[in-house]
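Asker: Once you've had a glance at the structure underneath, I'll fire off some questions.
Every number here is computed from the coordinates shown, using simple stated rules; none is lab data. All values derive from a computational prediction rather than experimental measurement. Virtual Cβ from ideal backbone geometry, glycine too; neighbours counted across all protein chains shown.
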Amino acid sequence: MAVKYTVAMKRVIAIANQKGGVGKTTTAVNLAASLAATKRRVLLIDLDPQGNATMGSGINKSQLERSSCDVLLEEIELSAALVAVEPGGFSLLPANQDLTAAEVRLLTMPSGRETKLRAALAPVRDAFDVILIDCPPALNMLTVNSLVAADSVLIPMQCEYYALEGLSALLGTVEQIRAAVNPRLEIEGILRTMFDPRNNLANEVSAQLITHFGDKVFRTIIPRNIRLAEAPSFGRPVLFHDKESRGALSYLALAGEMIRREEEDEERAASAAASAAAAAAAGSLAGATSDPGMSAVNAGSSAPVETETPQAIGTATAEPTSDIGHTPQGPSSAVDERKARSLPD
Ligand SMILES: Nc1ncnc2c1ncn2[C@@H]1O[C@H](COP(=O)(O)OP(=O)(O)O)[C@@H](O)[C@H]1O
Ligand SMILES: [Mg+2]
């Protein structure tokens, strides 16, 4: 039976952090597979000349006929360069070191160099429910192209001493891109990766993140997990390497959290629309009938919100257990902490 869902996710999500080794590629590949497991149509774009997302998806980067380099230089349509990732269940725009040459060529272009990826993506946006972009470890023209093409940016972070410093540089770039070319660019969330709850510094940095960024910090935490580190050597997402591992469960939980956030946003929007409709109906009927209250009730009930989340995801994320990502203070205390500081939902 086909899985039914009605909530569209933010379509294009750039996975960015100019620091290397923070878990961008691991997040890109495993989130792609986890979202694909919910029957969403997922495209993963490798925009790093290292081609790690390509190799981690089981595609040999040294034997590519077409790649993201050709697409950025407008030599081919994006759809002509896509490969199917099996196992994984998603499409991939692969990359290799040719992308370095593409970046240099972009830099010498007199105009339009920041918008190449956005233009290339335009014809395929509707063919996918989610498009994830794995960015290189630099705030360079490739990352700028990703942020210009994206609806939101997901920031993987290791909770280390200098992490917050790097974060402000990235947020500055996001702000500049928002002001210059892409006003709708949002922060999808900050993801704590390779987390070790026994490390006091990690717990401190994590607490600081929550203080500064509130519910922009994903509740799901990705633990340090050997299965996540070894899956790329098999050319597979961890879900197809060891689906019971904490790494696999934590990326399923992340997908579930993202879907739930979207559902909550949709529900808020639907109930706001229903209240507006009810108010309008009450207003217009007030003169004609003596029962404005009744019309408000009817208007309110005429906007059902259908949200069906796939079982596996719902289960994996219903209440993060000690198995699925560690929350230093426990999941409920994190929520309580937010309530105590009365941050918005
Ligand atoms: N949660 C994790 N647990 C253990 N190893 C991880 C985890 N996330 C990433 N790694 C490993 O850390 C290294 C850097 O991760 P990667 O995703 O390539 O970072 P980036 O793309 O930001 O450079 C890789 O060897 C990867 O396998
Ligand atoms: Mg990488």
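Asker: If you stretched the chain out fully between residue 179 and residue 215, how much longer would it get, using 0.36 nm times the residue separation minus the C-alpha to C-alpha distance?
Answerer: 10.6 nm
Asker: Once the dipole of the range 150-238 is set up with Lys and Arg at +1 and Asp and Glu at -1 on Cβ about the Cα centre, which of 161, 209, 223 lies farthest towards its positive end?
Answerer: Projecting each Cα onto the dipole axis, the largest value belongs to 223.
Asker: Is there a quick way to get the dipole size of the range 12-264? I mean about its Cα centre, with the Cβ of Lys and Arg at +1 and of Asp and Glu at -1; what is the value in debye to the nearest 20?
Answerer: So the magnitude is around 320 debye.
Asker: Taking a ≥ b ≥ c as the square roots of the Cα gyration tensor eigenvalues, with a/c under 1.5 meaning rounded and otherwise prolate when a/b beats b/c, else oblate, which class fits the range 12-264?
Answerer: It is oblate, given that a/c is not under 1.5 and a/b is not larger than b/c.
Asker: Give me the extension gain from residue 97 to residue 109: residue separation times 0.36 nm, minus the current Cα-Cα distance, reported in nm with one decimal.
Answerer: 2.3 nm
Asker: For the range 12-264, what is the percent of antiparallel DSSP beta bridges, rounded to the nearest 5?
Answerer: 10 percent
Asker: Mind ordering 158-171, 81-94, 21-34, 55-68 by average Cβ neighbours within 10 Å, highest first?
Answerer: Those peptides, ordered most packed to least, come out 21-34, 81-94, 55-68, 158-171.
Asker: For residue 19, list the aspartates and glutamates whose Cα falls under 14 Å from its own Cα; do not include residues on the same chain fewer than 8 positions away.
Answerer: Of all the aspartates and glutamates, those that pass the test against residue 19 - Cα under 14 Å, at least 8 places apart if same chain - are 48, 134, 160, 165.
Asker: Still on this model: Please give the Cα centre distance for the range 63-139 versus the range 181-238, rounded to the nearest Å.
Answerer: 25 Å
Asker: How many angstrom separate the Cα center of the range 25-61 from the Cα center of the range 148-164?
Answerer: Computed from Cα coordinates, the inter-centre distance equals 17 Å.
Asker: Residue 60 to residue 165: FRET efficiency via 1/(1 + (r/R0)^6), r the Cβ-Cβ distance, R0 22 Å, to the nearest 0.05?
Answerer: Taking R0 as 22 Å, the efficiency between residue 60 and residue 165 is 0.05.
Asker: Give, rounded to the nearest 20 debye, the magnitude of the charge dipole that the range 213-283 has about its Cα centre when Lys and Arg contribute +1 at Cβ and Asp and Glu contribute -1 at Cβ.
Answerer: Computed about the Cα centre, the dipole is about 340 debye.
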